[in-house]
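Below is one structure; the comments refer to it alone.
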Amino acid sequence: MVTTTAIILFTVLTTLALTWSWKILNWLWLKPKKLEKLMREQGLKGNSYRFLVGDIKDIVKSRKEATSKPMNLSDDIVPRMCSYFQQSAIKHGKNYFVWFGPTPRVTITDPELIKDVLNKNNDFRKPNTNPLVRLLANGLVTLEGEQWSKHRKIINPAFHFEKLKIMLPNFFKSCDDLISKWETMLSSDGSCEMDVWPFLQNLASDVISRTAFGSSYEEGMRIFQLQIEQAELTKTVMMNVYIPGWSFLPTPTHRRMKEIDRDVKASLTNMINKREKALKAGEATKDDLLSILLESNHKEMEEHGNNKNVGMSLEDVIEECKLFYFAGQETTSVLLVWTMVLLSRYPDWQTRAREEVLQVFGKEKPDFDGLSHLKIVTMIFNEVLRLYPPILALARTVHKDMKLGNLTLPAGVQVLLSIILVHHDSKIWGDDATMFNPERFSEGVLKATNGRYSFFPFGGGPRICIGQNFAMMEAKIAIAMILQHFSFELSPTYTHAPSTVITLQPQYGAHIILRKVEI
Ligand code: HEM
């Protein structure tokens, strides 16, 4: 009897060990080699697969070298931000792949193919991210299939124009606070030198806190600070090959990331509980994002018995709140900071923008209708988003063999849609592709791109950024109010060093001299 049990146990354990060994061998060697062969048959070129790490070590080294020192004051930032990809294109030609560990990524820079990938969101899906990366941003941005459609449908109304209009007073309040803070910092000659970057980060945090969650920056501060630390840790994790199960190892980084996540969730739960109480007492708005999410949660609770799966669970609501705290802050602040840097360097454009703002609003607060008359400001923002896209690239996984242009991509490869490479491509934008020239957008995006899909700072297709109009409205109000009150130029201490944490940020801040303008 004992012998039979031992034999069964031995057989089960051996089968398990063999199955796992096979899976690991397949994942780390057989599959990458098979994909490599299939890609080479397509005429795609790249380095030979190197066990486990692929090209990651070289990518990290090249990125470290490029960002170890500041660059000259130019907008030709591709050599700094994408040095490895630029070298790969020189070495292998236009159609190349790069190994992110055992997964090959094919870089796509043809606008028509990019459009195709983004429109076929069910075929080209978001890559399975490391669970540690999801601690920073999960929810809508990572969901797929029906879950994604359901969440997108529930959240969409929070960003409709009528809702944005209702949010306007909150945008003003946040921008007004910023202007007042800067005014108190002016010296007797009406000028002040400062790093505007942390102020713009705080502004974007304050705006999303007030508009989406009904609280102010001060209240949401703990969440933002934790999320900023989480973003730094996430960057380290993203630069390593992801090994399934690795996240369970109790390394100091992993432990801290999980601790931050628990803290953020506790703060959000507290905020949700407060809102629930206020809603019950009839004291809270029903128009902001948090209320829309909670209403959906109430529906889910009511319908749960009927198994309708109509709304979001409380877990879902918490994940979405976490995402919006991150997405609402990290991106718009980046757009604003590069706009201030570029307008400092190009005073003629600063003057033109100010003249337009004064012509549309005078000394008054910007109003909703006037925002759509800011033509010069819109041209400037488009040019800033072209040269300094807050998100440099988008990745998608190929789930089944897919045709893409002349290529047949085998299941298991990923495609990398490089926003920055397309935005800086001189074949698309002309010889002045790396120069700041908002004039190119004077007749709109369609004319500037000749109808091609070569300008996509907000992504595209069904998964286009849900906060696009929110971000543009916030940026327009902020820059209009800044221009009404101050003129600005770069400080001699400004150091030009674009770098990525998750988004494209100024590594050493943005030191600027502000001067009060009398209008
Ligand atoms: C200048 C500002 C912004 C830029 C450049 C930007 C850029 C992007 C891009 C490129 C994507 C597509 C990602 C992909 O396809 O993989 C995206 C998605 C998203 N963005 Fe933004 N974003 C900005 C502001 C915002 C704001 C203010 C919010 C929220 C308040 C927001 C929330 C989101 C969400 C939730 C998604 C995921 C949408 C989905 O998958 O259905 N973004 N954003």
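Scan region 408-418 for residues that are in a strand (DSSP E or B) and surrounded by fewer than 18 Cβ atoms within 10 Å (Cβ to Cβ) and report the count.
The first filter runs over region 408-418 and keeps only residues in a strand (DSSP E or B), leaving 408-409, 414-418.
Next cut, surrounded by fewer than 18 Cβ atoms within 10 Å (Cβ to Cβ) only: 408.
Residues in region 408-418 being in a strand (DSSP E or B) and surrounded by fewer than 18 Cβ atoms within 10 Å (Cβ to Cβ): 1 in total.
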query: Taking the stated definitions as given, is Phe124 aromatic (Phe, Trp, Tyr), buried (at least 18 other Cβ atoms within 10 Å of the Cβ) and touching a residue at least 12 places away in the same chain (Cβ under 8 Å)?
result: yes
task: Among the residues of region 392-405, write down those that are farther than 21 Å from Phe458 by Cβ, in a loop (DSSP other than H, G, I, E, B) and either under 21 Å from the mean Cα position of the chain (by Cα) or free of Cβ contacts under 8 Å to residues at least 40 places away in the same chain (or both).
output: Asp401
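Name the one entry in Val377, Val413 that is more than 16 Å from the ligand (Cβ to nearest atom), modelled with pLDDT of 95 or more, under 25 Å from Cys465 (Cα atoms) and aliphatic (A, V, I, L, M).
Numbers: Val377 fails: more than 16 Å from the ligand (Cβ to nearest atom).
Matching residue, one of Val377, Val413: Val413.
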message: Condition first: within 20 Å of Leu200 (Cβ to Cβ) and within 16 Å of the ligand (Cβ to nearest atom). Now tell me which residues in region 165-184 satisfy that.
response: Met167, Leu168, Asn170, Phe171, Ser174, Cys175
statement: Checked against (1) among the charged types (D, E, K, R); (2) crowded, with 18+ Cβ neighbours inside 10 Å; (3) modelled with pLDDT under 95, Arg440 satisfies every condition except (3)
statement: When (1) assigned to a loop (DSSP other than H, G, I, E, B); (2) away from the ligand (no atom under 16 Å from the Cβ); (3) in contact with a helix residue (DSSP H, G or I) (Cβ under 8 Å, 6 or more places away or on another chain) are applied to Ser188, the one that fails is (3)
- prompt: Condition test on Phe159, is it hydrophobic (A, V, I, L, M, F, W, C), within 15 Å of the ligand (Cβ to nearest atom) and surrounded by fewer than 22 Cβ atoms within 10 Å (Cβ to Cβ)?
  reply: yes
query: Which residues, taken from region 271-298, are of a type in the set (S, T, N, Q) and under 17 Å from Ile208 (Cβ atoms)?
result: Thr285, Ser291
task: Give the residue that is nearest to the ligand (Cβ to nearest atom), with candidates limited to residues of region 100-126 that are over 30 Å from Lys299 (Cα atoms) and of a type in the set (S, T, N, Q).
output: Asn119
query: Which residues, taken from region 204-219, are surrounded by fewer than 24 Cβ atoms within 10 Å (Cβ to Cβ), assigned to a helix (DSSP H, G or I) and either at pLDDT below 85 or aliphatic (A, V, I, L, M) (or both)?
result: Tyr217, Glu218, Glu219
query: helices (runs of 4 or more DSSP H) wholly in region 426-496 with at least 2 residues that are under 27 Å from Asp369 (Cβ atoms), more than 9 Å from the ligand (Cβ to nearest atom) and without any contact (Cβ under 8 Å) to a residue 12 or more places away in the chain - which ones?
result: 444-448
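Would you list the helices (runs of 4 or more DSSP H) that sit entirely within region 1-77 and hold 1 or more residues that are over 30 Å from Gly405 (Cα atoms) and aromatic (Phe, Trp, Tyr)?
Numbers: elements: 2-25, 31-41, 56-66.
Filter on region 1-77 gives 2-25.
Being in a helix (DSSP H, G or I) and out of contact with any strand residue (DSSP E or B) (no Cβ under 7 Å at 6 or more places or on another chain) is the filter; apply it to region 85-117 and report the residue that is surrounded by the most Cβ atoms within 10 Å (Cβ to Cβ).
Taking region 85-117 as the starting set, the residues that turn out to be in a helix (DSSP H, G or I) are 85-92, 111-117.
Add one more test, that the residue is out of contact with any strand residue (DSSP E or B) (no Cβ under 7 Å at 6 or more places or on another chain), and what stays is 86-87, 90-91, 111-112, 115.
On the way: Gln86: 16, Gln87: 13, Ile90: 9, Lys91: 11, Pro111: 20, Glu112: 12, Lys115: 17.
If we take residues in region 85-117 being in a helix (DSSP H, G or I) and out of contact with any strand residue (DSSP E or B) (no Cβ under 7 Å at 6 or more places or on another chain), then Pro111 is surrounded by the most Cβ atoms within 10 Å (Cβ to Cβ).
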- line: For region 223-234, pairs from a residue that is within 18 Å of Ala266 (Cβ to Cβ) to a residue that is of a type in the set (Gly, Ala, Ser) and crowded, with 21+ Cβ neighbours inside 10 Å, with Cβ under 6 Å and 6 or more apart or across chains, are Phe224/Ser205
message: Quick check on my filter: what residues within region 127-136 are in contact with a helix residue (DSSP H, G or I) (Cβ under 8 Å, 6 or more places away or on another chain), part of a loop (DSSP other than H, G, I, E, B) and either within 18 Å of Phe324 (Cα to Cα) or within 14 Å of the ligand (Cβ to nearest atom) (or both)?
response: Leu135, Leu136
statement: (1) within 29 Å of Ile228 (Cα to Cα); (2) out of contact with any Asp or Glu (no Cβ under 9 Å at 6 or more places or on another chain) all hold for Val517 apart from (1)
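If a residue counts only when it is surrounded by fewer than 15 Cβ atoms within 10 Å (Cβ to Cβ) and in contact (Cβ under 8 Å) with a residue 12 or more places away in the chain, which helices (runs of 4 or more DSSP H) contained entirely in region 341-391 have at least 3 such residues? Can you show your working first?
Numbers: elements: 347-361, 368-371, 375-387.
Because the criterion is at least 3 residues that are surrounded by fewer than 15 Cβ atoms within 10 Å (Cβ to Cβ) and in contact (Cβ under 8 Å) with a residue 12 or more places away in the chain, no helices (runs of 4 or more DSSP H) in region 341-391 meet it.
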- line: Result of the Cβ filter at 6 Å on region 276-303, keeping first residues that are touching a residue at least 40 places away in the same chain (Cβ under 8 Å) and partners that are more than 16 Å from the ligand (Cβ to nearest atom) and assigned to a loop (DSSP other than H, G, I, E, B), at least 6 apart or interchain, is Ser296/Gly311
message: For region 503-513, check the following and say yes or no: at least one residue is surrounded by fewer than 17 Cβ atoms within 10 Å (Cβ to Cβ), more than 20 Å from Cys82 (Cα to Cα), more than 16 Å from the ligand (Cβ to nearest atom) and over 24 Å from the mean Cα position of the chain (by Cα).
response: no
message: Quick check on region 137-156: of everything there that is within 11 Å of the ligand (Cβ to nearest atom) and basic (Lys, Arg), which residue is nearest to Gly101 (Cα to Cα)?
response: Arg152
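The values are calculated or read from the model by the stated rules, or taken from the named source; none is laboratory data. Since this is a predicted model, take the numbers as computed values, not measurements. Positions of Cβ are backbone-derived with ideal geometry, glycine not excepted, and every protein chain shown enters the neighbour counts.
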